[in-house]
Amino acid sequence: MANIKEYIRKKDGSKISKIVIDRDLCIGAASCIAVSNATYELDNETKAVVINADAIDDETLIMSAESCPTKAILLFDKSGKQILSK
Amino acid sequence: MIESFKYLIIGGGVAGVTAGETIRQKDKESTIAIISDEVHALYSRVMLSKPNFFLGKIPFEQIWIKGDEWYKNNKITFINKQTAISLDKDNKTITLASGKKISYEKLLVATGVHPRPWKVVGGDKKGIYSLRTIEDGKGIMEAIKTAKRAVTIGGGFIGFEMTDLLKLAGLETTIVLRESYFWEPTLDEASGKMIEQVLLKAGIKIIKNTEVIEIIGKENVEGIILKDGTKIPCEMIVVGIGVIPCEMNWLKEAGVNTKCGILANEFLETNIPDIWTAGDIAEYKDLILEENIQLGNWVNAHEQGRIAGLNMLGKKTSFKFVSFYTTQGLGINIAFIGDSRPLPDRIVIKRGSPEINSYTRILIVGKELIGATLINRTGELTTIAKLIENNVDISEKHKELGDINFDLKKLL
């Protein structure tokens, strides 16, 4: 089983309702933190964790997921569909 | 007719591609081209040295960050397998190795760095690897299938990650360091010893204070000879002894200022109008340290690509960023934040200790934090980076910084 952590997002007006981090893929490059240190931090295993799922707008959140060099951050809408960049 | 692009980006790595992406988000119509010396669309260079990737725990396909269709969908012309060899700044034209000329309105040079060549007798034998491209990675992947014994050279990132990988792949592995401990001098000896302990525990041999003087074998590597004459048999060698910038003479000849990298101000602009630089090759004015520095890591290159893209669009934005990088393996987690160089004017506060296997060093100049090194305390990375970024005055807080039970977040 994949080692994943899910974080529910309840930000008003956002089309993203869930952030998923695949801890097997995460290498702690921390590019997500460079995009938003209000959303993510690293834990002592050098894996990204979400500290505030509602901290930033959708565009920045998508950018944070796209910055990941291992594609370890997945974003989902309310219907459970994965959100991909344009 | 000379082909012409409004935005011309030389370098197909994360800095160049992020710049192109940033430009396209704000300017839907203008022409953009990215020139790469490699054949591939953007891939994750940092994954190349990760054991999970090598050993198939991360699927190979995961390496592709952008597919060929991304360039097409975003109307970005991708010119692969080409390098620039000259620049005519007055006519805003570059010439490629193929002889083709391309003109630009705005130029970004993000060509990166490559591994420092290893000059040693017998260095032309088969079985010696360094790591920059996906082809290098594939070469190592292939070699570990048959090799029984490996030697890694250099006590830094590549040395650490490749040693971990080779050991996991079942090879008898020896690491050779020129220094007296691992990651000298960026880490202190106590931190370096913590890394050495996990390497030793995993059954890896560490040989310090020495250098390889000869590689033996016929066509293929059969072993190395150290300075004191010791012979170590091996079938493969992985070298990680630092990096040097990609070719810069063509820029120098055109009047672009360079030193260890391409010199740039805080907007990542070079001394020549309409030419920017980003990523590992940029030697830029760091606003936090107030000096010119050059950093080689994914996060930095990504962020600089974004900032360079904005500046090329005319949205003047300075690059102000506390950089960090991490690595982990063999049960140890290592991180570097900001400026962790051990220069004489630094005050170093120790937090935790090697004895409890949890050890942070905080580097201070004057009233402020400027950097840190973390062993098994990566959880503090974000907080320390914020303390540096926000220039928090910690002159009265040295005691708290050294107290492992004090939550650093309270200082924010």
| field | In the stretch B:255-324, the GluC sites (Glu not before Pro) that fall in loop regions by DSSP, at most 12 other Cβ within 10 Å | value | B:GLU290
| query | Of all trypsin sites (Lys or Arg not before Pro) in the stretch B:57-135, which ones are in loop regions per DSSP and have a Cβ with at most 14 other Cβ atoms within 10 Å? | reply | B:LYS57, B:LYS75, B:LYS81, B:LYS100, B:LYS119
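Normalised radius of gyration for the protein assembly as shown, please: alpha carbon Rg relative to 2.2 N^0.38 Å, two decimal places.
Working: Rg = 22.8 Å, N = 498, 2.2 N^0.38 = 23.3 Å.
Against the compact-globule rule of thumb, the ratio is 0.98.
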| Neighbour-count order for A:ASP22, B:ASP274, B:ASP228, fewest beta carbons within 10 angstrom listed first | B:ASP228, B:ASP274, A:ASP22
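Can you list, largest first and rounded to whole Å, the semi-axes you get for chain B by taking the square root of 5 times each eigenvalue of its Cα gyration tensor?
Details: eigenvalues 255, 182, 69 Å².
Semi-axes (√(5λ), whole Å): 36, 30, 19.
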| request: Once you have all Cα-Cα distances for the stretch B:325-411, histogram them in 10 Å bins from zero and send the whole-percent values. | output: 18, 56, 24, 2
| the stretch A:56-78 and the stretch B:169-229: distance between their alpha carbon centers, rounded to Å | 39
| task | Would you mind pulling out the separation of the Cα centroids of the stretch B:278-305 and the stretch B:352-412, in Å? | result | 23
| remark: Rounded to the nearest Å, the spacing of the alpha-carbon centers of the stretch B:24-89 and the stretch B:118-155 is 24
| Peptide A:18-27 - average C-beta neighbours from other chains (10 Å radius) | 3
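With N set to the residue count of the stretch A:4-76, report its C-alpha Rg divided by 2.2 N^0.38 Å to two decimal places.
Details: Rg = 10.8 Å, N = 73, 2.2 N^0.38 = 11.2 Å.
In units of the globular-protein estimate, the stretch A:4-76 measures up at 0.96.
Could you give the Stokes-Einstein D for the stretch B:117-239 in µm² per second, using the C-alpha Kirkwood radius, 20 °C, 1.002 mPa s?
After rounding, the answer is 148 µm²/s.
Residues with beta-carbon under 13 Å from that of B:ASP27, excluding B:ASP27: net charge, scoring Lys, Arg +1 and Asp, Glu -1? Each step should come with its number before you reach the end.
Numbers: positive: B:LYS6, B:ARG24, B:LYS26, B:LYS28, B:LYS75, B:LYS106, B:LYS315; negative: B:GLU21, B:GLU29, B:GLU105.
Here the charged neighbours net out to +4.
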| query | When the chain is fully extended, how far beyond the present Cα-Cα distance does B:ASN391 get from B:ASN91, taking 0.36 nm per residue of separation? | reply | 103.7 nm
| message | For the protein assembly as shown, give me the percentage of DSSP beta bridges that are antiparallel, rounded to the nearest 5 percent. | response | 60
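Measure up B:LYS119/B:LYS167; A:LYS11/A:LYS78; A:LYS15/A:LYS81 against 18 Å on the Cα-Cα distance and list the ones that go over. It would help to have the intermediate numbers written out before the result.
On the way: B:LYS119/B:LYS167 26 Å; A:LYS11/A:LYS78 12 Å; A:LYS15/A:LYS81 11 Å.
Distance filter (> 18 Å) returns B:LYS119/B:LYS167.
For B:HIS302, B:HIS40, which order do you get if you count the other beta carbons within 10 Å of each Cβ and list the fewest first? Don't jump to the answer; show the numbers that get you there.
Working: B:HIS302 27, B:HIS40 17.
Arranged by neighbour count, lowest to highest, B:HIS302, B:HIS40 become B:HIS40, B:HIS302.
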| Taking B:PHE321, B:PHE182, B:PHE267 and counting other C-beta atoms within 10 Å, the order from fewest to most | B:PHE267, B:PHE321, B:PHE182
| request: Using the structure shown, list the pairs from B:LYS205/B:LYS367; B:LYS193/B:LYS259; B:LYS81/B:LYS205; B:LYS66/B:LYS100; A:LYS71/B:LYS125; B:LYS50/B:LYS126 with a Cα-Cα distance above 31 Å, or answer none. | output: B:LYS205/B:LYS367; B:LYS193/B:LYS259; B:LYS81/B:LYS205; A:LYS71/B:LYS125
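Output the relative contact order of the stretch A:4-76, whole-number percent, from Cα pairs under 8 angstrom with separation of 6+ residues.
Numbers: 134 pairs, mean separation 26.7, N = 73.
37 percent.
Out of all DSSP beta bridges in chain B, what portion is antiparallel? Express it as a percent rounded to 5.
Numbers: 48 of 85 bridges.
About 55 percent, rounded to the nearest 5.
Can you give the calculated 222 nm mean residue ellipticity of chain B, where each DSSP H run of n ≥ 4 adds -39,500 (n - 2.57) and the sum is split over every residue, rounded to the nearest 500 deg cm²/dmol?
Numbers: 10 runs with 93 residues, N = 412.
Estimated from H runs of four or more residues: -6500 deg cm²/dmol.
Read-outs: derived from the displayed coordinates by stated rules, not from any lab. All values derive from a computational prediction rather than experimental measurement. Cβ atoms come from the backbone with ideal geometry, glycine included; neighbour counts cover every protein chain shown.
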